[in-house]
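Everything below concerns the one structure shown next.
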Amino acid sequence: MKFIINNRDGPGRTGELFLENQKIITPNILFLNTSRVQSPKFANIIITNKKTNVKKKSIYIGNSTFISKNNIEKEKFCIDNFLIYPKDVNRELHLRSIKNNCKKLFCYITPANIELIDNFLKDNESLIYIVENAYQLYTQQSKFVEFIVKLRDRIGYQKLIYTPSIGCPNNVGLLSYMGIDLFDSISCLNAARNEIIFTPTGNYVKSIDNEIACSCPICNELEVATSDLDFNQTLNHNYYCIINEIKSVRNAINHGCLRELIDTRIRSDPHLVSLLRILDMKNYEFYENRIPIIKKNTLLATSKESLFRPEIKRFQKRLLERYLKPKSAKVLLLLPCSAKKPYSFSKSHKILRNVLYKIKNPHVIHEVIVTSPIGIVPRELELIYPASNYDISVTGHWDEDEKLIIRNLLKNYLKNNYYEKSIIHLPSDLKDIVNDIFEDPIVTCVGKPISNESLDELSTVVSNISKRYDIVKSSTRQFENVGALAAYQFGIEISKKLLYNCKIKGKYPFQKIIENNTQLGMITMNRGLISLTFEGAKKISEFGEYWVEVYNDFTLKGSVFAPGVKDSDESIRIGDEIIIFRNKKLIAVGIAQMNGEEMKESNYGEAIKIRHRI
């Protein structure tokens, strides 16, 4: 009996739950199977109160206060010996329930009371935690989010959460994003009883006016209105709908786009929108810890909620807390974003950069891109996710939240990064948002940023201003740009140590950090971050950050798997550069496939993908 996580997207994950010789893919649906309601043929796992000949892995409902003893033999996988009280009764009754709920069973009934989480987790060896009264808790958005987040945080990564009765096609994506692994078919049954038809984007009451807009095996055979579906047809349609959606959720997690799927589903229910907003606003640390620092897929910022995504907030936080602009950059040039990312490879930015290349002292100018939902992006950070790969709807209208985020971020950025002169080359709608932040800024945009008039004005202004300063060499600015990137990635002190006595070679974006003809690291376009060599890791190993200690008897052959990890830096995020020690001796460098907490806790899975070893 074990659970292995295969892919992660925030707290959402796909995995394999092994029960004896059967493998269950998660997230998944537990289908009810009783004498009155049969589970569908495609069910992977069922929940039942009877002996069955169905060749599916079963979780049995055994003996409890409200279910009389029956002929079911005591099963290894059995929900048993529990007492369920409404979640809001007094604490003493819940504590009595905890005493009656054996902590060494496969499944454990978890009181839906946040104050009791630490009580029922003490010495608890259960693999699946079933939230009692989950439906009642679910109706109270803030309490539900607070409870699930705390429960997931306390039980860690290797246990599963099951929330009975609340899984529907339009919410299983969001619930999986919260860290819930298992759902059941009870909502399908309740909906069918009430003549409600499930769809991924909302639930509808059967009507003579509604066509059957579905190609499931049930609906495919019918050419009637939804009102003509009988109970069993409605139930089986709902079964197909929810299993198809759970497959879509698993695919989204595997491809790193669960959040994008959620954005398309929650619009049908204000309750779901509220849940997501509460998640973003109040649980940044919980989510940031589980969000990779690198993703290949495009971040689609198609809603207001996108402004508060953890990966965007992390970029902004690091920009203010770690990043320092290139020292020789004296003049700030604000530019608009482009549809193509990274910006430098877009047609508009090639035209704008061509203006700078023609002046005698271009490297005294520092380009900073103003954009939503990220806020501001210094040119040397444009290869970093999410700045490197996002898309937004462009209307020319700026939401008040967008304006506030850009203004506050730019104000705080300027507190740490001083410029002697500022040039605003932004369209009027964007210029008006930031113009009053500066003293005597020079505005160079006339209409569109790449119109002939705008380019001529920009060329004249940057040429005249740059002449006032000493010439900045290309090599100097290259070095400072990489230093600024390293500070964002590792922190200022590690950046200084890594680049001390080094030179930068290569053409942007493929640049190498060289010390005495030895390569310490390299920047590539696909990651946007510095990939360390063994010598680079050795140079910064003294700082005690981004490290993993493996067991003394661990033989390093390929990847480091979780059982080999003895200890690790909890600040590690998926995608970080990792320095690997054995017996306090540096033995390898690689890329994190788990965060630091999960590495220490897990018994299965790849923890680090090795790049170089001793």
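Worth pointing out:
- The chain: relative contact order as a whole-number percent, Cα under 8 Å and 6+ apart: 9 percent
- Pairs with C-alpha atoms separated by more than 18 Å, drawn from the list Lys467/Lys507; Lys122/Lys150; Lys2/Lys23; Lys411/Lys473, are Lys467/Lys507; Lys411/Lys473.
- Region 521-614: relative contact order in percent, alpha carbon pairs under 8 Å with at least 6 residues between: 29 percent
- Leading residue at positive end of dipole, the chain (Cβ point charges), from Cys241, Ile155, Asn6: Asn6
- Summed residue charge, Cβ within 15 Å of Asp401's Cβ, Lys/Arg positive, Asp/Glu negative: +1
- Checking every one of the trypsin sites (Lys or Arg not before Pro) in region 389-474 against DSSP loop status and a limit of 16 other Cβ atoms within 10 Å picks out Lys467, Arg468, Lys473.
- Using the Cβ-Cβ distance between Glu493 and Cys216 with R0 set to 60 Å, the FRET efficiency from 1/(1 + (r/R0)^6) comes to roughly 0.55.
- Dipole magnitude (debye, nearest 20) for region 323-466, charges at Cβ of Lys, Arg, Asp, Glu: 680 debye
- Counting only alpha carbon atoms, the long axis of helix 141-155 and the longest principal axis of the chain meet at about 90°.
- Using just its DSSP H runs of length 4 or more, each adding -39500 (n - 2.57), the chain gives a mean residue ellipticity at 222 nm of -9500 deg cm²/dmol after division by all residues.
- For region 446-509, the alpha carbon positions stretch 45, 26, 22 Å along the principal axes, listed from largest to smallest.
- Sparsely packed loop sites in region 372-427 (the chymotrypsin sites (Phe, Trp or Tyr not before Pro) outside DSSP H, G, I, E and B with at most 15 other Cβ atoms within 10 Å) comprise Trp398, Tyr418.
- Low-density loop cleavage sites - trypsin sites (Lys or Arg not before Pro) in region 530-561, where at most 15 other Cβ are within 10 Å (DSSP): Lys557
- Principal-axis tilt of helix 347-357 within the chain, Cα atoms, nearest 10 degrees: 30 degrees
- Diffusion of region 504-613 by Stokes-Einstein, at 20 °C in a medium of 1.002 mPa s and with Rh set to the Kirkwood radius over alpha-carbon pairs, works out to 152 µm²/s.
- Note on Lys296: aspartates and glutamates with a C-alpha under 16 Å away, same-chain residues under 8 apart excluded, are Asp9, Glu260, Glu311, Glu382, Asp391, Asp576.
- Between Lys566 and Asn232, the modelled label-to-label distance comes to 6.3 nm, taking each label 7 Å out from Cα in the direction of the beta carbon.
Taken together, the values in this text are just the output of simple stated rules run on the coordinates, not laboratory data. The model shown is predicted, which means the values in this text are computed figures rather than measured ones. Cβ sites come from the backbone with ideal geometry, for glycine too, and all protein chains shown count toward neighbours.
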